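Just so it is clear, none of the values below were taken in a lab; they were calculated from the coordinates. Everything numeric in this text was worked out from a predicted model, so none of it was measured. Glycine also receives a Cβ, built like all others from the backbone with ideal geometry; neighbour counts cover every protein chain displayed.
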C-alpha cells in the first residue's frame, strides 16, 4: 500500500446512532442482564440512557476519575477505599500528588446519565477535610501551582507520579518529590467509637526536609500543641475539630492558617512517618494522643509493593460458534454479564498476550483476562485482571504487558506475583492535558514499528484537545502529531506505519470520515486547529462514509498478508454506529483516496476495536453502546472468521477521468456485467461548516440540495472476466460517491452491494 497518510465523533455523541442487530451471521444472541429492548433510534430520549447500575457495582479498592471534590474538580483523581470495612475514602490527585479530600461513610456516587460515561462522580458521605487543588508537597518552601492554566502534571523536577500498588484491598502510592522517592499508604481504623485515618510514608534518601499538606479546613485556624512528646494539631470546626497527630523520627507538624503541614527531616537511610487524622470535640487531645500511641507501629508501605492476595476468582462462559455466511462467520464469546461484583461489561479494547490469552478492557474501569479462545469456545474463562482505571478505551500488549489508555494516562499493568491479577498500575505517561469535559475521552491505543504509542483525544479546551497524540516508546515524551478532530473513536496503524483515524459527524465534520495522518495535518474540526491563524481548508479525507454504511466510526485494522484470500493486506474499518465491519479499498490510481463496502454480519454492540489474533489468525472485535443506538448488549467480544471461498464483492478499484474500474474475486456473468442498468452511481458534496453535519449538495448545481446521478454510458468486462470498466459521463471530484451494483457470477450466484468513497482527484 502506498499510503503516506488516512482520518477521524462524537465518540460518545457517537456512542451511537444506529445500532446492531441480534443476529451475527446466523447466530442469535441469548438474553442477558445487559440486553435491552431498545426503542427505534429516532424515538430514543435522554431518559433511555439514564442507567444507575454503576452505583451497584463493586469497582474494586479504588476508582480513577474526574471527581467533583468539595473544593474543586480533581481532574485526575483516585478515590481509594480505606479501612477493613471501607469506612472512609480518600481522593489522591495524581497530578498534584496530594489528597484533595477525604470523607467517611461512603465511596462515590456515579452520575447515571448515559451509563455514567459523561459526568464525573462525586463523593458520597460526610467530608472530613477538603484540600482542594493545591500541590501536595512544597517546592523550595513554596506552595504555588506552577502549571499553565492549572492543568497537567507538576514539572518533573518538582514531583512525579509513578504508579499504584494494589495488595489485596490495600493500596500504596508511589511517586517522587524532587529526587526523593515516596511510598505512602492510606488506611482507616476504628477506636473508641471514632473513625481515624492514617497516612504512612516511606521516604528514600533526601538532602533537604520535605513538607506535605495534610489537611485544610476552610475558615478554621490551625492550632499546634506538643502533648506527651507528640506533635498535635487541630482545626476547629464547630462541635467537632479535625485533629492531626504525627509519629516517626524526624516528623513534625506545622500550623499555617487553615491548614496543617507535615515536615519530614532528611535521613541517610530514608524515613518512616505516620499521620493520624480524626474528628473529635475540643478537650479530647489526651485521648487522641493515647489512641495514636496505641497504634504507633509504622509498617513500611514497601510491604504492599510485592504483590498480594487475589480478589477475583475466575468465571466461565461458553461461546457460540457462528454459522458461515458467504466466506465468513462470526463467533460470539459470551461476556460474564452476570458476575458476583455487578461489574459492567462495556468492552472498549483488547489485545493478545504471548500465551494466546486476551486482555479486554471495559469503559467503566476494568481489564479482564480471557483463556480458552479455541475453535469450540466451550470453556472460556474470564478473570478480572485490573480495576479502577479511568474510562479505558484502548489497550495494547507490548512485550507481554498490557498498556491501557484512560482519560488520565497510559497505564502499564504488572502482575508481580503471577497470580493472574495486576498488582502494579504503573504510570507510563500522564502528560495528557484534561479539562474534565463530558466528552473528553482518550480513545484507542496503537504502536508503530519504532515503538511509539498513539491515541486520540476528543475535543476540549486544552492544547491536546481534538488531536492525535504520540508518546515515545520509553514513555518519556508526549507530543501532538495531528489536529482537527471532533470526537475520534478509533485509529489504526498499518503497513509502513500508515496511521488512520476515524472521526464522527458534527460541527465541521459533515459526515463520518476516515483520514490518513500527515504529521502536522489538520483534519477539519475548526475549534481544534491549534494554529496561530485559522486555517481556510483542511486535509482531505481518505474517505467520507455515508450513513448508509456508517454513522459513527470505530477503529481500523489491516488483514495480515496471506490471510482472508483476496483481502490479504487490505484495511478493515469498524463501524461503531452500524455494528459492522467494512472493507476499505485504496484507489489504485490515486492512493490518497478510497472506498468501502460492508462485510456480512452485525455485531452485538458498536464495533470499535479490532485485532487479529496471531495464534489463530482470526479478527476479534470489541465494542460497546452509549446512547442513541440500536445495539442490544452493553458490550461484545466476537471474532470474525474467514471460512474460505471467494468474495462476491469488489477487491480493488480505480478512478480515472470518465472511468470507474471495479475488480472482483469471481468471474462475472458477461450479460449482466456489461449491462449499464446493473449499476447506479451517485455523487455529491457536503458543506464544511459549524452546523451539525451536512445535507447532500449537488456538484453540478452548487447551492442546490441533493445528489447528482452519474450516467453510466457503457460497462465493459475485461478479458480476465473479473474486471469491469464503467465509462461514465460527469464523474467529478466528489466528497462522496456511492455505487450500487447488482450482477451475477458465472455460476449464477448474486454479486450485489454498495460501495462508497471519496474522489479527491481524478
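Values as computed for the structure displayed
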{"read-out": "Calculated FRET value between residue 733 and residue 321, using beta carbons and R₀ = 51 Å, to 0.05", "value": "0.65"}
{"read-out": "Solution diffusion estimate, µm²/s, Stokes-Einstein, segment 468-511, Kirkwood Rh from C-alpha pairs, 37 °C, viscosity 0.692 mPa s", "value": "273 µm²/s"}
{"read-out": "Histogram of C-alpha separations across segment 61-304, 5 Å bin width, %", "value": "1, 7, 14, 19, 21, 18, 12, 5, 2, 1, 0"}
{"read-out": "Principal axes of segment 650-759: Cα extent on each, largest first, Å", "value": "50, 24, 20"}
{"read-out": "Fully extended contour minus Cα-Cα distance, from residue 258 to residue 746, at 0.36 nm per residue", "value": "167.1 nm"}
{"read-out": "Order of 330, 572 under a 10 Å beta carbon neighbour criterion, fewest first", "value": "572, 330"}
{"read-out": "Spatial separation of Cα centroids for segment 527-604 and segment 286-316, in angstrom", "value": "51 Å"}
{"read-out": "Along principal axes, Cα extents of segment 170-237, largest first, whole Å", "value": "36, 28, 28"}
{"read-out": "Cα centroid separation, segment 106-140 to segment 225-263 (Å)", "value": "24 Å"}
{"read-out": "Span from the segment 412-479 Cα centroid across to the segment 317-375 one, whole angstrom", "value": "23 Å"}
{"read-out": "Gain on full stretching of the segment that runs from residue 127 to residue 401 - 0.36 nm per residue minus C-alpha separation", "value": "94.8 nm"}
{"read-out": "Label of the coordinate-derived value, Rg and Dmax of the Cα atoms in Å, listed as [x] 25.0, 83; [y] 35.3, 113; [z] 28.7, 103", "value": "[z]"}
{"read-out": "Relative contact order (percent, whole number), segment 192-337, Cα cutoff 8 Å, 6+ residue spacing", "value": "25 percent"}
{"read-out": "Using a Förster distance of 60 Å, the FRET efficiency for residue 269-residue 47 (Cβ separation, nearest 0.05)", "value": "0.50"}
{"read-out": "Virtual spin-label span in nm between residue 240 and residue 191, 7 Å along Cα→Cβ", "value": "1.9 nm"}
{"read-out": "Potential extension, residue 286-residue 547 segment - 0.36 nm per residue separation minus Cα distance", "value": "86.8 nm"}
{"read-out": "Percentage of interatomic Cα-Cα distances in segment 157-288 larger than 26 Å", "value": "25 percent"}
{"read-out": "Label-point gap, in nm, between residue 58 and residue 534 - each point 7 angstrom along Cα→Cβ", "value": "5.5 nm"}
{"read-out": "Counting DSSP beta bridges with both ends in segment 578-683, the antiparallel % (nearest 5)", "value": "95 percent"}
{"read-out": "Estimated inter-spin distance, residue 156 and residue 657, nm [label 7 Å along Cα→Cβ]", "value": "5.5 nm"}
{"read-out": "Relative contact order for segment 48-192, counting Cα pairs under 8 Å that sit 6 or more residues apart, in percent", "value": "21 percent"}
{"read-out": "260, 45, 751 arranged by Cβ crowding within 10 Å, fewest neighbours leading", "value": "45, 751, 260"}
{"read-out": "Global geometry of segment 590-736, whether rounded, prolate or oblate, following the gyration tensor of its Cα atoms and the 1.5 cut on a/c", "value": "oblate"}
{"read-out": "Within the chain, helix-based [θ] at 222 nm, where runs of 4 or more DSSP H residues each add -39,500 (n - 2.57), nearest 500", "value": "-500 deg cm²/dmol"}
{"read-out": "75, 750, 311, 272 arranged by Cβ crowding within 10 Å, fewest neighbours leading", "value": "750, 311, 272, 75"}
{"read-out": "Rh by Kirkwood over Cα pairs, then Stokes-Einstein D for segment 338-642 at 1.002 mPa s and 20 °C, µm²/s", "value": "111 µm²/s"}
